[in-house]
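The values are calculated or read from the model by the stated rules, or taken from the named source; none is laboratory data. Computed from a prediction, not measured in an experiment: that's the story for all the values here. Cβ sites come from the backbone with ideal geometry, for glycine too, and all protein chains shown count toward neighbours. Note: areas computed on protein heavy atoms with side chains; ligands, DNA, RNA excluded. Shrake-Rupley method; radii C 1.70, N 1.55, O 1.52, S 1.80 Å.
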Amino acid sequence: MTPEPQDKKTPPAGTPGAASALAAQTSPQDFNRARDRRLALWLWRTEVRPLAPLLFIGLFFLAVDGAMLGAFSLLIQPMFDDVLIARQAESLAWVAAAVAGVFLLRAFSLMIHKPLMTWLSERIVAGLQNRLLAHLMRLDHAFFHAHPPGVLIDRVRGDTRILGSTVLRLVPAIARDLVSALALLGVTLYIDWRWTLTALAVAPVLVLPLMALQRLIRKMERRSRLNSADASNRLDEVFHGIYTVQRNALESREAARFADIVKRYIIAQVRARVGKAGMAAMVDVVAAIAFVVVLFVGGRQIIAGERTVGEFMAFFTAFALMLQPIRALSALGGAWQTVLACLERVHALLHTVPRIAQPTAPLAPLPTQGETRIAFDKVEFAYDTEPVLRGFSFAAEPGQTTALVGPSGAGKSTVFTLLARLADPQAGCITIGRRDIAQMDLAGLRDMMSVVAQDSALFDETLRDNILLGAVGISEARLHAAIEAAHVAEFLDKLPGGLECRVGPRGSALSGGQRQRVAIARAILRDRPILLLDEATSALDAESEALVQEALDRLSQGRTTLVIAHRLATVRRAAKIVVMERGRRLEEGTHAALMARGGAYARLHALQFGDGSDDGSGRGE
Ligand SMILES: Nc1ncnc2c1ncn2[C@@H]1O[C@H](COP(=O)(O)OP(=O)(O)O)[C@@H](O)[C@H]1O
Ligand SMILES: [Mg+2]
């Protein structure tokens, strides 16, 4: 009963083909009962067991609810034989009281188990969702490359929700319907075990078709979950790219693509429903045959005067009442397949191994301010198969500014990605203060850096929250100094509410240049020994760029600073300039040395400024 071997088999996703690896893992042909059991056990251990006492209370009242059907059908016999046929007035009172009692007890149980089970299922769903988010946030670049936001949203919200609602149907079916079916079976056996066995003899006919239908349902549920994730992903892409869609008149193309996915989802859902209805229908047909057989046998015995009408009526009431719980129980198989189809996906996501992990002890101590020499040594890195950094080496001396220049796609931003360990190199070594960053505390490493990235995310919060970014204990004076320095103050007055203005989803209420200034204000406020600037001023107009650049120059004083810039004017004063091309270092040196060398840098410079001109107004690319 150890689920661990199963966990090891889960392919470490986060690899380039993670999506297909996950898909392969849940391919329709594997219908593995041992694995299904492990999945169920896993759900029990992680989410259900802590709630077990409440679950058992719920199950108890479900069972009471279920048993009342048997009690009711048992009362049919005295109702007929004693009250209606023998006309015993004294029996009327107790039979009526008993029937009333049965229904009151049932109503009472219902009031307890319904809300309780709903609450439990919501708790389980919430538990899984929280667990998923906490885990997914630890995964790396490659994983998020393979799993777009829409797909992940659908998995976190959709799979868990379907899981919860299906469990909410399943558990009562097991507790209440199983108990009523057994209670009713007890009544029929008590009244006439031969009639009962005659009826049961027909049941084995059901086994094979039910198994086939279960397979169909599982396959279709998996397919519809995949299609549902696709649909969410399309919506995410369309709404995030809505202006591109509108500018390029892509509305009808996007509508058609979405409609196609939804159509496939509906087909899979309907097929799953057909399977589920088929199971119920099979039960009905078999029950009808059993009914007719018993009617023939029992009817003759009544005609011959061997059995009473009350017995016959009680038997058939119990028999008819049994149909509903048996139907529910036969649907159980289908519902269980739905649960498993969702569970296997949730489980696979939760067991995606984070490739960027906290190193095992002993950790390398974090470098102090003066020790922040950054070095890449023969670093090889690829996001997929195509190498992005090829034996890339360079060093940035502490307290100085080092610039990375080179054409777009050279791998400059990737250097920053690796430095913060958002991804790890396949070979080579990255050190800060001559210690391997892979051996440092992950949060501590990231905490040494302030970054102004090309794609700094703004959140749908107030401008103040976006600048503070969770920092506490920052005085208003410091906040305002950062706002001044980053030239956020310039547009602050025009925003309704100033600092308390909400910036919209992804900061959409701000312009590109304004967003960039917010990112710079964050970096100024963060005040860390290492400063990483990736095209930090590229979205600004020439005038504000000059002003913000001045603030950044001041900020970089005494810090180990890496600057990526297209515009060579901004890197001219760097202590060292590293020229990159296609993941390699072509040359390095000061501006003067590189110009004198007459190599790639000198050519780039000539391109940007025109021969001899030195006015700094030229722009790269
Ligand atoms: N998340 C990613 N997944 C896959 N490929 C990427 C990703 N980010 C960048 N790349 C690729 O890596 C190469 C280098 O990118 P980057 O470091 O951003 O270049 P630069 O900043 O020099 O313009 C490019 O060819 C780009 O297509
Ligand atoms: Mg870049």
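Just give me the residues in the range 498-536 being within 16 Å of ligand 1 (Cβ to nearest atom) and charged (D, E, K, R), in sequence order. Matches in the range 498-536: Asp534, Glu535.
Looking at Pro367, Pro387 in this structure, which one is away from ligand 2 (no atom under 16 Å from the Cβ) and under 16 Å from Glu581 (Cα atoms)?
On the way: Pro367 fails: under 16 Å from Glu581 (Cα atoms).
When all the criteria are applied, what remains is Pro387.
Go through the range 567-578 and give me each residue that's at pLDDT below 90 and open to solvent by 10 Å² or more (accessible area, probe 1.4 Å). Matches in the range 567-578: Arg567, Ala569, Thr570, Arg572, Arg573. Only residues that are of a type outside the set (Gly, Ala, Ser) and either in contact with a strand residue (DSSP E or B) (Cβ under 8 Å, 6 or more places away or on another chain) or modelled with pLDDT under 90 (or both) were counted in the range 469-479, giving 3.
Tell me the residue from Ala357, Ala348, Ala420 that is of a type in the set (Gly, Ala, Ser) and in contact with a strand residue (DSSP E or B) (Cβ under 7 Å, 6 or more places away or on another chain), please. Walk me through it before giving the result.
Numbers: Ala357 fails: in contact with a strand residue (DSSP E or B) (Cβ under 7 Å, 6 or more places away or on another chain); Ala348 fails: in contact with a strand residue (DSSP E or B) (Cβ under 7 Å, 6 or more places away or on another chain).
Checking each option against the conditions leaves just Ala420.
Right, Val179: modelled with pLDDT under 90, hydrophobic (A, V, I, L, M, F, W, C), in contact with a Gly (Cβ under 7 Å, 6 or more places away or on another chain) and in the same structural domain as Leu105 (by TED's automatic domain parsing) or not? When the stated conditions are applied, Val179 passes them.
The residue that is least open to solvent (accessible area, probe 1.4 Å), counting only those in the range 186-205 that are among the aliphatic types (A, V, I, L, M) and within 44 Å of the chain's Cα centre (by Cα), is Ala203.
Just one of (1) more than 27 Å from the chain's Cα centre (by Cα); (2) within 19 Å of Ser165 (Cβ to Cβ) fails for Phe312. It is (2). For first residues located in the range 499-511 and open to solvent by 80 Å² or more (accessible area, probe 1.4 Å), partners that are assigned to a helix (DSSP H, G or I) and lie 6+ apart or on another chain with Cβ distances below 7 Å form the pairs Glu500/Arg464.
Being closer than 30 Å to Leu206 by Cα and either in contact (Cβ under 8 Å) with a residue 24 or more places away in the chain or out of contact with any Lys or Arg (no Cβ under 6 Å at 6 or more places or on another chain) (or both) is a condition met by no residue of the range 345-356. Within the range 288-307, the residues that satisfy the criterion of being in contact (Cβ under 8 Å) with a residue 40 or more places away in the chain and in a helix (DSSP H, G or I) are Ile289, Ala290, Phe291, Val293, Val294, Val297, Gly298. Kindly establish whether Ile242 is out of contact with any Pro (no Cβ under 6 Å at 6 or more places or on another chain), surrounded by 18 or more Cβ atoms within 10 Å (Cβ to Cβ) and in the same structural domain as Arg157 (by TED's automatic domain parsing). No: the conditions fail for Ile242. For the range 308-323, the set of residues classified as closer than 21 Å to Asp82 by Cα and either among the charged types (D, E, K, R) or open to solvent by 50 Å² or more (accessible area, probe 1.4 Å) (or both) consists of Thr308, Val309, Glu311, Met313, listed by residue number.
Of all residues in the range 358-412, those being within 16 Å of ligand 1 (Cβ to nearest atom) and in a loop (DSSP other than H, G, I, E, B) number 10. Which members of the range 408-465 meet the condition of being in contact (Cβ under 8 Å) with a residue 40 or more places away in the chain, more than 14 Å from ligand 2 (Cβ to nearest atom), farther than 21 Å from Ala357 by Cβ and surrounded by fewer than 20 Cβ atoms within 10 Å (Cβ to Cβ)? Those that are in contact (Cβ under 8 Å) with a residue 40 or more places away in the chain, more than 14 Å from ligand 2 (Cβ to nearest atom), farther than 21 Å from Ala357 by Cβ and surrounded by fewer than 20 Cβ atoms within 10 Å (Cβ to Cβ): Arg434, Ala457, Phe459, Asp460, Glu461, Thr462. Please specify each residue of the range 363-394 satisfying the condition of being in contact (Cβ under 8 Å) with a residue 24 or more places away in the chain and open to solvent by 70 Å² or more (accessible area, probe 1.4 Å). Matches in the range 363-394: Leu363, Pro365, Leu366, Thr368, Gln369, Asp377, Lys378, Glu380, Tyr383, Asp384, Thr385. Residues in the range 188-244 that are of a type in the set (Gly, Ala, Ser) and part of a helix (DSSP H, G or I): Ala199, Ala203, Ala212, Ser224, Ser228, Ala229, Ala231, Ser232.
Taking (1) at pLDDT below 95; (2) within 16 Å of ligand 1 (Cβ to nearest atom); (3) more than 25 Å from Ala569 (Cβ to Cβ) in turn, Gln439 satisfies each apart from (2). Scanning the range 548-566 for residues that are more than 14 Å from ligand 1 (Cβ to nearest atom) and either buried (at least 17 other Cβ atoms within 10 Å of the Cβ) or of a type in the set (D, E, K, R) (or both) turns up Val548, Gln549, Glu550, Ala551, Leu552, Asp553, Arg554, Leu555, Ser556, Arg559, Thr560, Thr561. Filtering Thr385, Thr417 for residues that are over 23 Å from Leu555 (Cβ atoms) and modelled with pLDDT under 95 leaves a single hit, Thr385. The single condition from (1) open to solvent by 10 Å² or more (accessible area, probe 1.4 Å); (2) over 30 Å from Glu386 (Cα atoms); (3) in contact with a Pro (Cβ under 8 Å, 6 or more places away or on another chain) that Glu581 fails is (2).
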